[in-house]
Amino acid sequence: MRKQKLSALAVFTMLLPRLLPAHGEDVPVTTPAVINMVHHPFKSFPETCLHCDEHSELGQQCCGLCIFENTCTEAQTATLLQHLASINIDLTSATPAKFFEAIRGRSLWIVGDSQMKYFYTTVECFLAEYVLGVRRSLPFPENDVLNSMMRRGSDRNIFWDSSKCMFLQDNTRICHLRKIFGPHIVQDVFPALIDGVPDLLNDIMIVNIGTWYDPAFPNDYHQDVQRLAEFMQRLRHQLPRKLIWADTPPQHFGFDMGYAWHDVGTGTRGHHTQCVFIDTDEHKRGGWMNVISRPMMAAMPLAILNSWNISTNLWPWHVGGPDCTHFCHPSIYEIWLFILDEMLAEWPDGALMPLQSDKIHQMW
């Protein structure tokens, strides 16, 4: 007999009674700050969106602090914490004060597509108590040339999904530079940062490309990553010393191999309705994009944020419906922040690589 596939909702419902505390059991009092901020943010910021698009070149993107597009249910959050506890991951060590101290006086550049945008949203909210002025700004104030370079090659209109920054205390800021393909990072991001940021070497940068590439044409991705890696190697001593490559996170679509573009031409794409667990050899090796990018990036003096291993079994936390690419908050984006927090704690200033402690190595 053919085995019936279970939907994410069905599996989540089956797991819930076993993962949540039984009636009468003690429930942990302390919820990690990186999780708690989604359901109970540090502060409400409704005023940030008042007339925002009338006074900012970012349009409606000038607001949005601690406003998450897709939030998990509190039951999902409780189940996630139980799952992490079962694999000995305790998120409570990540605190806003600790993380802010790691980036104090620097810019944290998060470069990539919508996955990196959601990660930026997480970091931004996590540090909400340190923000100045609340409203976001363009990456290069009063420099139209460099800002226009950030807009080139974007898949979205400037008023919908643009590159942006949030300023924090002590000359600190976090920025998302929206780029979806490698050539746009090589041609626009790196030159703009090198020319426009005086103290770039002391900053922190996280880079990823992957989700927008078609698995039917892996050579395109290979060529772009190879060019990006060569460019990063050539300019390594002009880019931030704390340079991080982020793995491309998994997708869990209900068709062949689980990838978003893999069913082009099969006639099934329009009928996809649920996310599913993917159990293939390729998936176990890290997915086709990471199989290509990992060796090239691992050969360079930088860190790798392993966003695949910790994410691959969290398929019930996808946004769901037709979207099995992005995840709800809090889930993998908040876990990435925890991993980044631990990584930066092990990374001496001036070094091109963090220390490889056993604790960090296990998470990577």
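Matching residues to (1) modelled with pLDDT under 85; (2) under 22 Å from ILE244 (Cβ atoms); (3) part of a helix (DSSP H, G or I):
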| position | (1), (2), (3) |
| --- | --- |
| SER44 | yes, no, no |
| GLU57 | yes, no, no |
| ILE67 | no, no, no |
| ALA78 | no, no, yes |
| GLN82 | no, no, yes |
| ALA97 | no, yes, yes |
| TRP109 | no, yes, no |
| LYS117 | no, yes, yes |
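Any residue in region 163-176 that is surrounded by 15 or more Cβ atoms within 10 Å (Cβ to Cβ), in contact with an Asp or Glu (Cβ under 8 Å, 6 or more places away or on another chain) and hydroxyl-bearing (Ser, Thr, Tyr)? Checked against the condition, which is being surrounded by 15 or more Cβ atoms within 10 Å (Cβ to Cβ), in contact with an Asp or Glu (Cβ under 8 Å, 6 or more places away or on another chain) and hydroxyl-bearing (Ser, Thr, Tyr), region 163-176 yields no hits at all. Being over 18 Å from the mean Cα position of the chain (by Cα) and either at pLDDT 90 or above or not polar (S, T, N, Q) (or both) is a property that GLY182 lacks. Only one of the numbered conditions (1) closer than 24 Å to MET166 by Cβ; (2) at pLDDT below 65; (3) aliphatic (A, V, I, L, M); (4) surrounded by 10 or more Cβ atoms within 10 Å (Cβ to Cβ) is not met by ILE35, and that is (2). In region 194-215, the residue that is surrounded by the most Cβ atoms within 10 Å (Cβ to Cβ) out of those that are over 15 Å from the mean Cα position of the chain (by Cα) and under 23 Å from HIS283 (Cβ atoms) is TYR213. Exactly one residue among GLN226, GLN238 is more than 23 Å from ASN147 (Cα to Cα), modelled with pLDDT of 90 or more and either in contact with a Leu (Cβ under 8 Å, 6 or more places away or on another chain) or part of a helix (DSSP H, G or I) (or both), and that residue is GLN226.
Against the conditions (1) modelled with pLDDT of 85 or more; (2) within 20 Å of ALA33 (Cβ to Cβ); (3) surrounded by 15 or more Cβ atoms within 10 Å (Cβ to Cβ); (4) touching a helix residue (DSSP H, G or I) at 6+ places or on another chain (Cβ under 8 Å), PRO139 satisfies every one except (2). Among the residues making up region 295-341, a single one is within 25 Å of ASP90 (Cβ to Cβ), among the acidic types (Asp, Glu) and surrounded by fewer than 24 Cβ atoms within 10 Å (Cβ to Cβ): ASP341.
When the criteria are applied in full, PHE253 fails the requirement of being among the aromatic types (Phe, Trp, Tyr) and either modelled with pLDDT of 90 or more or touching a Gly at 6+ places or on another chain (Cβ under 9 Å) (or both). Considering region 314-364, and only residues there that are among the small types (Gly, Ala, Ser) and more than 22 Å from LEU239 (Cβ to Cβ), the residue that is modelled with the lowest pLDDT turns out to be SER357. Among the conditions (1) surrounded by fewer than 16 Cβ atoms within 10 Å (Cβ to Cβ); (2) in contact with a helix residue (DSSP H, G or I) (Cβ under 7 Å, 6 or more places away or on another chain); (3) of a type in the set (Lys, Arg), ARG104 misses just one, which is (2). Exactly one residue among ARG227, ARG234 is among the charged types (D, E, K, R) and under 23 Å from SER114 (Cα atoms), and that residue is ARG227. Scanning region 119-131 for residues that are among the aliphatic types (A, V, I, L, M) and either within 17 Å of the chain's Cα centre (by Cα) or at pLDDT below 90 (or both) turns up VAL123, LEU127.
Filter region 176-223 for residues that are in a loop (DSSP other than H, G, I, E, B) and of a type in the set (Ser, Thr, Tyr); which is farthest from ARG241 (Cα to Cα)? In this case the residue turns out to be TYR213.
The values are calculated or read from the model by the stated rules, or taken from the named source; none is laboratory data. Here the structure is a predicted model, which is why all the values come from computation and not from measurement. Reconstructed Cβ throughout: ideal geometry from the backbone, glycine too, with neighbour counts over all protein chains shown.
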